[in-house]
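S.K.: Got a structure here, written out as structure tokens. Questions coming.
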Amino acid sequence: MAITRIGPNQSINLASNITGTLPVGNGGIGIASGTTDQFLKFTGTTTLASAADNAGGLVLITETNISGTGAFDIDNLFSSTYRDYKVIGSGLKQATDNTHWIFQLRYSSTTVSSGYYWAGVGARNTGSAVDAGEENASDFSIISNAASDTHATSFDMTLYDPYGYQVSKNYTCIAGGRRSGDGGHVISTSGFLPNDTRMTGLRFNVDNGNMTAGNIKVYGIKGS
Amino acid sequence: MTKITKLNAATGELITRDMTAEEQAEFDARQVTPPTAFEQSMIDLRQLRNKLLQDTDHYALSDQTLSDDMRTYRQSLRDITNGLTTVEDVNSVTWPTKPGA
């Protein structure tokens, strides 16, 4: 393709003024087409469309700011599109001091309220160990003893195949922030729910009063 | 009436409304009164105290001879909650020094 110098007020119409493939930097050769979700990958000598570069990536499904609510439900969230999901909660605050952030799984507008098994280990900034756990509980734990002040709680959670027919729905979560009446704390929790129903949603709440602030994002983890 | 926020991830519809009577009853049933600051500090103190006792439990087995120093140390741990009435009391407790094995 011939290259023509263009002036400061001139432009190239990519739709009509170019034929063939677009040139790329460093002398590589361009690509003519790609498929959905592919990235362009420059190998050093050429440019490829590569689906593999997107494998394992996070695809944002939903992001919500919550405030002044006793419960936050997300429905029609899990599907066959993704097997595993990442949930990020940040800036979480609640009305009552020293409360417990928890979540439950949902399906068909029904909240599963029993059968949760979880365990957690962590530490306070004083160095004291924190451990906790429950059998056949009414919910999964994110973190307890959260402080209701200007500081907040955040968490990073992974949900494993909630939409599958697997008899056990698993999660892992690490959460931390300001501890009630104390400094910082961190806890890593994990558990399972022995229930083979295809789960389609989540419910978040605290065990006393309202959630007053926070942002919750849910990503699908792209498998291939 | 307590509010509930519901998001339909498929459509993006987000609503916050009053809980239904059924939702409110479920919400009310799940409410837990959190410990006061003093109660929480005592919970934390006992958790750490119990851990320290467990660390020396094996010295008190029937086939072991418990030294006087260890006996005193373990009794001091058991007594550490005596007389505490405020968070400040709890935060200022002096832990006994663990004797050599």
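The values are calculated or read from the model by the stated rules, or taken from the named source; none is laboratory data. A quick note: this is a predicted structure, and the numbers were derived from the prediction, not measured. A quick note on method: Cβ atoms are made from the backbone with ideal geometry, for glycine too, and the neighbour counts reach across all protein chains shown. We work out accessible area using only protein heavy atoms, side chains counted, and drop any ligands, DNA or RNA first. Shrake-Rupley method; radii C 1.70, N 1.55, O 1.52, S 1.80 Å.
S.K.: Can you tell me which residue within segment A:61-93, out of those that are surrounded by fewer than 19 Cβ atoms within 10 Å (Cβ to Cβ), in a strand (DSSP E or B) and over 12 Å from the mean Cα position of the chain (by Cα), is nearest to the other protein chains (Cβ to nearest Cβ)?
M.R.: Per the stated criteria, the residue is A:ASN65.
S.K.: Okay, moving on. Name the single residue, out of those in segment A:145-172 being under 18 Å from the mean Cα position of the chain (by Cα) and without any contact (Cβ under 8 Å) to a residue 60 or more places away in the chain, that is farthest from A:LEU58 (Cα to Cα).
M.R.: Looking at residues that are under 18 Å from the mean Cα position of the chain (by Cα) and without any contact (Cβ under 8 Å) to a residue 60 or more places away in the chain, I get A:ASN170.
S.K.: Then there's this: Please indicate, with yes or no, whether at least one residue in segment A:161-174 is open to solvent by 60 Å² or more (accessible area, probe 1.4 Å), touching a helix residue (DSSP H, G or I) at 6+ places or on another chain (Cβ under 6 Å) and modelled with pLDDT under 95.
M.R.: Checked against the condition, which is being open to solvent by 60 Å² or more (accessible area, probe 1.4 Å), touching a helix residue (DSSP H, G or I) at 6+ places or on another chain (Cβ under 6 Å) and modelled with pLDDT under 95, segment A:161-174 yields no hits at all.
S.K.: Considering each of B:ARG71, B:ARG46 in turn, give the residue that is out of contact with any helix residue (DSSP H, G or I) (no Cβ under 7 Å at 6 or more places or on another chain) and either within 12 Å of chain A (Cβ to nearest Cβ) or in contact (Cβ under 8 Å) with a residue 12 or more places away in the chain (or both). Write out each step before concluding.
M.R.: Details: B:ARG71 fails: either within 12 Å of chain A (Cβ to nearest Cβ) or in contact (Cβ under 8 Å) with a residue 12 or more places away in the chain (or both).
From the options B:ARG71, B:ARG46, the qualifying one is B:ARG46.
S.K.: OK, next. Could you figure out which of (1) facing another protein chain (nearest Cβ under 9 Å); (2) within 16 Å of A:VAL206 (Cβ to Cβ); (3) open to solvent by 60 Å² or more (accessible area, probe 1.4 Å) isn't true of B:PRO34?
M.R.: Status for B:PRO34: all satisfied but (3).
S.K.: In the set B:THR16, B:THR65, B:THR5, which member is open to solvent by 40 Å² or more (accessible area, probe 1.4 Å) and within 14 Å of chain A (Cβ to nearest Cβ)?
M.R.: Numbers: B:THR65 fails: within 14 Å of chain A (Cβ to nearest Cβ); B:THR5 fails: open to solvent by 40 Å² or more (accessible area, probe 1.4 Å).
After applying the criteria, what remains is B:THR16.
S.K.: Okay, moving on. Residues in segment A:94-102: is at least one more than 12 Å from chain B (Cβ to nearest Cβ), in contact with a strand residue (DSSP E or B) (Cβ under 7 Å, 6 or more places away or on another chain), open to solvent by less than 10 Å² (accessible area, probe 1.4 Å) and closer than 20 Å to A:ILE142 by Cα? Reasoning before the result, please.
M.R.: Residues of segment A:94-102 that are more than 12 Å from chain B (Cβ to nearest Cβ), as a first pass: A:101.
This time we only want the ones that are in contact with a strand residue (DSSP E or B) (Cβ under 7 Å, 6 or more places away or on another chain), so: A:101.
Next, from what is left, pick out any that are open to solvent by less than 10 Å² (accessible area, probe 1.4 Å): A:101.
Next, only the ones that are closer than 20 Å to A:ILE142 by Cα stay: A:101.
Yes; the residues of segment A:94-102 include at least one that is more than 12 Å from chain B (Cβ to nearest Cβ), in contact with a strand residue (DSSP E or B) (Cβ under 7 Å, 6 or more places away or on another chain), open to solvent by less than 10 Å² (accessible area, probe 1.4 Å) and closer than 20 Å to A:ILE142 by Cα.
S.K.: Another one. Can you tell me which residue within segment B:60-73, out of those that are over 26 Å from the mean Cα position of the chain (by Cα) and not hydrophobic (A, V, I, L, M, F, W, C), is nearest to B:PRO96 (Cα to Cα)?
M.R.: The qualifying residue nearest to B:PRO96 (Cα to Cα) is B:ASP69.
S.K.: Does A:GLY164 qualify as being of a type outside the set (Ser, Thr, Tyr) and on the phi > 0 side of the Ramachandran plot? If you could, list the steps in order and put the result at the bottom.
M.R.: Numbers: of a type outside the set (Ser, Thr, Tyr): yes; on the phi > 0 side of the Ramachandran plot: no.
No.
S.K.: Against the definition (modelled with pLDDT of 95 or more, surrounded by fewer than 16 Cβ atoms within 10 Å (Cβ to Cβ) and more than 30 Å from A:LEU202 (Cβ to Cβ)), how does B:ASN91 come out, yes or no? If you could, list the steps in order and put the result at the bottom.
M.R.: Values: modelled with pLDDT of 95 or more: no; surrounded by fewer than 16 Cβ atoms within 10 Å (Cβ to Cβ): yes; more than 30 Å from A:LEU202 (Cβ to Cβ): yes.
Answer is no for this residue.
S.K.: Oh, and also: Name every residue in segment A:180-219 that is more than 9 Å from chain B (Cβ to nearest Cβ), over 19 Å from the mean Cα position of the chain (by Cα) and either assigned to a strand (DSSP E or B) or of a type outside the set (D, E, K, R) (or both), in order of residue number.
M.R.: Selection gives A:GLY183, A:GLY184, A:HIS185, A:LEU193, A:PRO194, A:ASN195, A:THR197, A:VAL206, A:THR212.
S.K.: For segment A:103-112, enumerate the residues that are over 30 Å from A:ASP182 (Cβ atoms) and either within 11 Å of another protein chain (Cβ to nearest Cβ) or over 16 Å from the mean Cα position of the chain (by Cα) (or both).
M.R.: Of segment A:103-112, the ones over 30 Å from A:ASP182 (Cβ atoms) are A:105-112.
Once the filter is applied, which keeps residues that are over 30 Å from A:ASP182 (Cβ atoms) and either within 11 Å of another protein chain (Cβ to nearest Cβ) or over 16 Å from the mean Cα position of the chain (by Cα) (or both), segment A:103-112 yields A:ARG106, A:TYR107, A:SER108, A:SER109, A:THR110, A:THR111, A:VAL112.
S.K.: On to the next question. Which of the following residues is open to solvent by less than 40 Å² (accessible area, probe 1.4 Å) and within 13 Å of another protein chain (Cβ to nearest Cβ): A:GLY122, A:GLY127, A:GLY115? Walk me through how you get there before you give the answer.
M.R.: Numbers: A:GLY127 fails: open to solvent by less than 40 Å² (accessible area, probe 1.4 Å); A:GLY115 fails: within 13 Å of another protein chain (Cβ to nearest Cβ).
Just one listed residue meets the conditions, A:GLY122.
S.K.: Which ones in segment A:143-160 are away from chain B (no Cβ under 12 Å) and modelled with pLDDT under 95? Steps first, please.
M.R.: Initially, segment A:143-160 is screened for residues away from chain B (no Cβ under 12 Å), giving A:143, A:149-160.
If the condition is that a residue be away from chain B (no Cβ under 12 Å) and modelled with pLDDT under 95, then A:ASP149, A:THR150, A:HIS151, A:ALA152 are the ones that fit.
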